[in-house]
Structure formats: structure tokens, C-alpha cells
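One structure below.
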Amino acid sequence: MDEKILELKKIIDDSDNIVFFGGAGVSTESNIPDFRSVDGLYNMKYKYSPEAILSRTFYREHTEEFYEFYRDKMIFPDAKPNKAHLALAKLEEMGKLKAVVTQNIDGLHQMAGSKNVFELHGSIYRNYCQDCGKAYDGIDIILNSEGVPRCECGGKIKPDVVLYEEGLDHKLLANAIKSIMAADVLIIGGTSLAVYPAAGLIDYFKGSKLVLINKEETPQDSKADLVIRDSIGKVLSQVVE
């Protein structure tokens, strides 16, 4: 086993107060594209940039085009949890992992069995009517509709995902911060740590060991006690066997 993997295994073995903070890179091994890599959404060619399409303004002014992109590029009904999701669920089951804080909206952590998950950017599995507030769970209401999905009252159904120009849920963010502040070990994986305010959560960590697992360099590498540049699924599956 690689020396850095052994070091991570020791950190995990010695702690029962771990929090994991992850981004899009956690789900790429489930064949869900990330945003900023060579093959990511931001490097695909559309009439508008994905960043523009996934904004509150675009949703309001070009709702039908928003949904065309959303159905095509944001919902992956066949995606399954990968080794990273399963390893984190096992760590929680073992009593070591106290929370998962994720920027992802794909619901794969819960599908893998994780219970205490803070979804900073919402979930594709929750939708609501903007007029009457009726909740629509699951992705079928979006996938099985054409154009703009409508509630039985006639109102537009909006995914419960955080678009650009929208703020994070204050209560959820506060609980995520509380978990990070209380952790002895913070493992960050699959994120470029470029999107704020989520990336700023690292500043709340006051514990003993900060671990960064990412294929590429991040702006926070110098702060970490351990940096592993490898696939997060490959790494976590080796330390949680």
C-alpha cells in the first residue's frame, strides 16, 4: 500500500470524529461529469455557457431552455454510488464519520447509505411548485414532462437546487459549519475549492488533521497535513476495507 494511503489509514483508524467535504469529483466515477476539468460542463459548447444557464436570471427569463439543459446535463437517472460513496457510508456506519458535506445534487451519498448529509447546493430529487409550494419528490416529474414542468395548480415546478445568484440555505449551512468546527479530522475530496461560499468552509476547521484528496492541485494544498493526488474512490476504498 502506498505510503500516503497508509498515513490516511492511520489518521482514520485513530479518529472517531471525521467530517468529509466533497465536490463534483466524488461523482465522476459514477459517470457524472464535473464542471471544471477538461471534460467538464464548463468546457462543453452551448449557445450559452453552463454558468449562465444555471443562473437564477436565466431560469427566470429562459425557463424552457433551462429545462432542456437541466434534463440533459444535470439529471443522471442511471447513476449509481461508486467506491467513494460506499466507503464514506461504511465509515459512518462504523461510527467514525459524523457528517458528509457535499456540493453535489445527485443524491448518491444517501443512495450509498449515508444518513447525515448536508447538501449545500440542494438535490435533484426535491422539487416544488413556485406558486402553491407543493413538494414533488423524485426526478420523474421533471423527466416525464415537456418544456416547463407544471404543478396541478398551474404553477412552475422548480428543482430545489441552488442556482448562481441564489444564496445557500442558512440553517443547513450553519449545521454544516457546526459539524466541521467540531471535527478532529476533515477530509476534503473531489473539489477544486474554487466555488464560494462552499469553499470557504475549510476556514472553520479547527481540528488536528486536514486531508486533501484531489487529482489536481487546489489553492488550499499548503494548509493540508496530507495531500493525495489520486482518484478518491480508489483511495477511500483502500483505507476502508
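The values are calculated or read from the model by the stated rules, or taken from the named source; none is laboratory data. Keep in mind it's a predicted model, so treat the numbers as computed, not measured. Note that we place each Cβ from the backbone using ideal geometry, even for glycine, and neighbour counts take in every protein chain shown. These area figures cover heavy atoms from the full protein model, side chains too; ligands, DNA and RNA do not enter into them. Shrake-Rupley method; radii C 1.70, N 1.55, O 1.52, S 1.80 Å.
Worth pointing out:
- For the range 95-123, taking the residues that are open to solvent by 20 Å² or more (accessible area, probe 1.4 Å) and among the β-branched types (Val, Ile, Thr), the one that is farthest from the chain's Cα centre (by Cα) is identified as Val117.
- Qualifying residue in the range 9-26 (condition: under 21 Å from Ser231 (Cα atoms), open to solvent by 80 Å² or more (accessible area, probe 1.4 Å) and at pLDDT 95 or above): yes
- Where strands (runs of 3 or more DSSP E) fall wholly inside the range 125-198, the ranges with 2 or more residues that are out of contact with any Asp or Glu (no Cβ under 6 Å at 6 or more places or on another chain) and open to solvent by 60 Å² or more (accessible area, probe 1.4 Å) are 135-137.
- Hits in the range 208-241 - residues which are in a strand (DSSP E or B) and of a type in the set (D, E, K, R): Lys209
- Among the residues of the range 79-104, those identified as part of a loop (DSSP other than H, G, I, E, B) and under 20 Å from Glu119 (Cβ atoms) are Ala79, Lys80, Pro81, Asn82, Gln103, Asn104.
- Yes/no for Ile228 being under 19 Å from Lys96 (Cα atoms), in contact with a helix residue (DSSP H, G or I) (Cβ under 7 Å, 6 or more places away or on another chain) and crowded, with 17+ Cβ neighbours inside 10 Å: no
- Matching residues in the range 232-241 - criterion: being small (Gly, Ala, Ser) and either open to solvent by less than 20 Å² (accessible area, probe 1.4 Å) or farther than 18 Å from Asn31 by Cα (or both): Gly233
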